[in-house]
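The values are calculated or read from the model by the stated rules, or taken from the named source; none is laboratory data. Computed from a prediction, not measured in an experiment: that's the story for all the values here. Quick reminder, even Gly has a Cβ in these numbers, built from the backbone with ideal geometry, and neighbours come from all protein chains shown. Quick note on the areas: whole protein, heavy atoms, side chains included, nothing else; ligands and nucleic acids left out. Shrake-Rupley method; radii C 1.70, N 1.55, O 1.52, S 1.80 Å.
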Amino acid sequence: MHSNTRIPFVLQFIRSIQNGMFSLHQKAYSTEPETPISRPVVAYWYLFCAALVFGIVILGGVTRLTESGLSIVEWNVIKGMKPPLNEHEWELEFEKYKLFPEYQLLNHNITIDEFKRIFYFEWAHRMLGRFIGLSFVLPGLYLAKKGYLTKSIKSRSLVVATMIGIQGLFGWYMVKSGLSDDIVKNKDVPRVNHFWLSLHLGSAFVIYSTMLFTGLQILKENRLRLNPPKNAFISNPRFKIAAHIIATLIFVTAISGAWVAGLDAGLIYNEFPYMGTGLVPSDMWAYSTESKQNPEPMSAFQNLIRNPSAVQFSHRLLAMTTFTAITGLWIFSRKTRLSRTSKLVTNLMMGVALCQVTLGISTLIYLVPVPLAAAHQGGSLTLLSMAIWLMHTLKRLPK
């Protein structure tokens, strides 16, 4: 008799668990949840666009390294989508190219077949940029109309879409800086302004970082809605601050790398750790020191941002500071309480940092070969991805 009374109680207990799970699932995907969250498809859309941005950063690096970036001398959003389709159109495009500094000072012996090669690199880079814009805007409008985005994600998406448009504008002003007639008058090296280059690259990094973090955030919110944690895990505050500082260091180091690339500073002092006879180059302050070759010296600050030797030294210093900081964080992670995922990401970031330093030194020693230099640029974004992922794992869980 006593055992029979237990059976209804057990069945009732099982039903209550099933009903609780069903109501939790309904609550997670209700159109009016207590705390609104975006649908998982929004996260996948963000992460897909982030992958595209990662790809265009690599392609942009290859375009620059192959000296293809100045091959298209016009910026036509619609008309520029169609490349030359016959020999006559190729001749017209080639004639336009001949009017500008890169051909006149550097590539005056280039053939039309060689021109086609550099043209297609730049054309592919621009087309991928257009594809990213469409891939973000069109699905975004659809997902917003379906009500899959929260108000905060809608606002963030509008900001990202604006940044993508501004990014294209930065790209054109960067190209335009390398088409100036002053380059021919002053007999300078035909290349884009390194400040515009760093702004173009830096904005791409910001767009990528926002997309990646947003995608991870939305996935985490949905996961927690379906499986709420029993105990909130709070990470060491000092470790969290250190992770944010390291992410900033990685970003600043990448921007300084764009200055190195823009000034072709990687083609000098091709040894490591020395720069000439010492750790600091002898011409570190050459642009701010008065001499017969430099009768009108610039300020020390201008020297630091325009002197190729000083720019390369600054990049080395930032790179080694960042690597040291990441190593310190990895050691810190062995001695502090972290979640399993945070420990994993810290280990991955340490590994990527080792690879990135190796790529950087190899790129320098071997005089900036395209494969190594492109891998080095991709490595910087991969390292930033690890830092963003780590910050995401350390984010305090919602109550």
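Scanning region 205-216 for residues that are within 18 Å of Gln377 (Cβ to Cβ) and of a type in the set (Phe, Trp, Tyr) turns up at least one hit. Here Lys96 passes the criteria (1) exposed (fewer than 15 other Cβ atoms within 10 Å of the Cβ); (2) at positive phi except the one numbered (2).
For region 245-304: of the residues being of a type in the set (Val, Ile, Thr) and free of Cβ contacts under 8 Å to residues at least 24 places away in the same chain, which is nearest to His376 (Cα to Cα)? If you could, list the steps in order and put the result at the bottom.
Residues of region 245-304 of a type in the set (Val, Ile, Thr): 245-246, 248, 250, 252-253, 255, 260, 268, 277, 280, 289.
Still in the running and free of Cβ contacts under 8 Å to residues at least 24 places away in the same chain: 248, 277, 289.
Details: Thr248: 18, Thr277: 26, Thr289: 33 Å.
For region 245-304, the residue satisfying everything is Thr248.
Within the option set Glu114, Glu102, Glu74, Glu67, being part of a loop (DSSP other than H, G, I, E, B) and either under 30 Å from Gly379 (Cα atoms) or touching a His at 6+ places or on another chain (Cβ under 6 Å) (or both) holds for one residue only, Glu67. Within region 149-175, the set of residues being more than 17 Å from the chain's Cα centre (by Cα), buried (at least 20 other Cβ atoms within 10 Å of the Cβ) and not hydroxyl-bearing (Ser, Thr, Tyr) comprises Leu149, Ile153, Met174, Val175.
Which condition number in (1) of a type outside the set (A, V, I, L, M, F, W, C); (2) closer than 30 Å to Leu381 by Cα; (3) modelled with pLDDT of 95 or more; (4) surrounded by fewer than 16 Cβ atoms within 10 Å (Cβ to Cβ) is the one that Gly140 fails? Among (1) of a type outside the set (A, V, I, L, M, F, W, C); (2) closer than 30 Å to Leu381 by Cα; (3) modelled with pLDDT of 95 or more; (4) surrounded by fewer than 16 Cβ atoms within 10 Å (Cβ to Cβ), Gly140 violates only (4).
The residues in region 31-53 that are open to solvent by less than 60 Å² (accessible area, probe 1.4 Å) and aromatic (Phe, Trp, Tyr) can be counted, and the count is 2.
Considering region 102-132 alone, what residues qualify as being among the charged types (D, E, K, R) and either under 30 Å from Thr162 (Cβ atoms) or open to solvent by less than 30 Å² (accessible area, probe 1.4 Å) (or both)? First the steps, then the outcome.
Here is the first cut: in region 102-132, the ones among the charged types (D, E, K, R) are 102, 113-114, 116-117, 122, 126, 130.
Listed by number, the residues that qualify are Glu102, Glu122, Arg126, Arg130.
Among the residues of this structure, Ile255 does not count as one that is open to solvent by less than 20 Å² (accessible area, probe 1.4 Å), in a helix (DSSP H, G or I) and among the β-branched types (Val, Ile, Thr).
Here is a yes/no grid of residues against (1) surrounded by fewer than 19 Cβ atoms within 10 Å (Cβ to Cβ); (2) in contact with a Gly (Cβ under 7 Å, 6 or more places away or on another chain); (3) at pLDDT 95 or above:
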| position | (1), (2), (3) |
| --- | --- |
| Asn307 | no, no, yes |
| Val311 | no, no, yes |
| Thr324 | yes, no, yes |
| Ile331 | yes, no, yes |
| Thr341 | yes, no, no |
| Cys355 | yes, yes, yes |
| Tyr366 | yes, no, yes |
